[in-house]
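Asker: Before anything else, here's the structure in question.
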Amino acid sequence: MKMSSKYSIIYNEIVNKIENGIYKINDQIPSESEIMNEYCVSRDTARKSISRLEQNGYILKKKGKRGIVLDRNKFDFPVSGVVSFKELSDKLGQNIKTSVEILECIMPSQSIKDKLEIGINDKVWKIVRTRNIDGEKIILDKDYLVQKYVDNITHEICENSIYEYIEGKLGLKIAYAKKEITVQSATEEDKRYLHMKGFDMVVVVKSYTYLDDSSLFQYTESRHRPDKFIFVDFARRHA
């Protein structure tokens, strides 16, 4: 039997055990040594099979530790369009809860002032919220709203829909957003608020959101645990 087919056989057998529930989420798969003994293969072949499992999102592997089975049930998270989390959660139909961790009107740092293109004396609302989906806190949203556009806001509004309040109650029209997506090392804040499950990276979506008169009124950092989301865009080729 060829060496390449050996590690494919090992890979496929472990995948079948994961997909059939023999290895459950957060279970450990066999170590390199155990795979070597069970299948009578070299360490390189065992390592290749484990590496392929990690590359295809079946396990999380840290140096010196066994691979841990990941939850492959992911949520489609649109990056095109301007959609509130409430609108998204209604579409997902999952058991979702928003918790407001911080709500305060502040004189922002220079970094936030630069992002929002505001003056030295302009204040902003700082809103930090966690999104709990099916019992796990997996999104940390950090919003900064320019106070001159949003004079007052409450915990209740933040727990429900800020956009619904802005458009429905304040009569402002949210028009468009510019978004940036990066992968970053998890911060102490991420680890404090989110159920990280051993992950040390987060997917960060930065949004700059504008009103219909092109006024920039909101900057958001939405920080996601990387195993739970697929980021989806829709593109159309010009005719």
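The values are calculated or read from the model by the stated rules, or taken from the named source; none is laboratory data. Source: prediction; values computed, not measured. Counting neighbours? That spans all protein chains shown, and the Cβs are built from the backbone with ideal geometry, glycine included.
Asker: If you scan the stretch 14-48, which residues turn out to be among the small types (Gly, Ala, Ser), touching a helix residue (DSSP H, G or I) at 6+ places or on another chain (Cβ under 9 Å) and either surrounded by fewer than 18 Cβ atoms within 10 Å (Cβ to Cβ) or within 29 Å of Ile138 (Cβ to Cβ) (or both)?
Answerer: Matches in the stretch 14-48: Ser31, Ser33, Ser42.
Asker: Continuing with the same structure: Based on this model, can you work out whether Ile68 counts as free of Cβ contacts under 8 Å to residues at least 60 places away in the same chain and of a type in the set (A, V, I, L, M, F, W, C)?
Answerer: Values: free of Cβ contacts under 8 Å to residues at least 60 places away in the same chain: no; of a type in the set (A, V, I, L, M, F, W, C): yes.
Taking the combined requirement at face value, the residue does not satisfy it.
Asker: Please verify whether Tyr11 is of a type in the set (Ser, Thr, Tyr) and part of a loop (DSSP other than H, G, I, E, B), treating the condition exactly as stated.
Answerer: Taking the combined requirement at face value, the residue does not satisfy it.
Asker: In the stretch 14-33, how many are under 27 Å from the mean Cα position of the chain (by Cα), within 19 Å of Lys62 (Cα to Cα) and assigned to a loop (DSSP other than H, G, I, E, B)?
Answerer: Result for the stretch 14-33: 6.
For (1) in contact (Cβ under 8 Å) with a residue 40 or more places away in the chain; (2) in a loop (DSSP other than H, G, I, E, B); (3) within 26 Å of Lys62 (Cα to Cα), each residue gets a yes or a no:
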| residue | (1), (2), (3) |
| --- | --- |
| Ile138 | yes, no, yes |
| Glu156 | no, no, no |
| Val183 | yes, no, yes |
| Pro226 | yes, yes, yes |
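Per-residue answers, yes or no, for (1) of a type in the set (Val, Ile, Thr); (2) assigned to a loop (DSSP other than H, G, I, E, B); (3) surrounded by fewer than 18 Cβ atoms within 10 Å (Cβ to Cβ); (4) in the same structural domain as Leu53 (by TED's automatic domain parsing):
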{"position": "Gly119", "(1), (2), (3), (4)": "no, yes, yes, no"}
{"position": "Val128", "(1), (2), (3), (4)": "yes, no, no, no"}
{"position": "Lys148", "(1), (2), (3), (4)": "no, yes, yes, no"}
{"position": "Ile153", "(1), (2), (3), (4)": "yes, yes, no, no"}
{"position": "Arg192", "(1), (2), (3), (4)": "no, no, yes, no"}
{"position": "Lys197", "(1), (2), (3), (4)": "no, yes, yes, no"}
{"position": "Val203", "(1), (2), (3), (4)": "yes, no, no, no"}
{"position": "Thr209", "(1), (2), (3), (4)": "yes, no, no, no"}
{"position": "Ser222", "(1), (2), (3), (4)": "no, no, no, no"}
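Asker: Which members of the stretch 53-71 meet the condition of being of a type outside the set (S, T, N, Q) and part of a loop (DSSP other than H, G, I, E, B)?
Answerer: Selection gives Gly57, Tyr58, Lys61, Lys62, Lys63, Gly64, Lys65, Arg66, Gly67, Leu70, Asp71.
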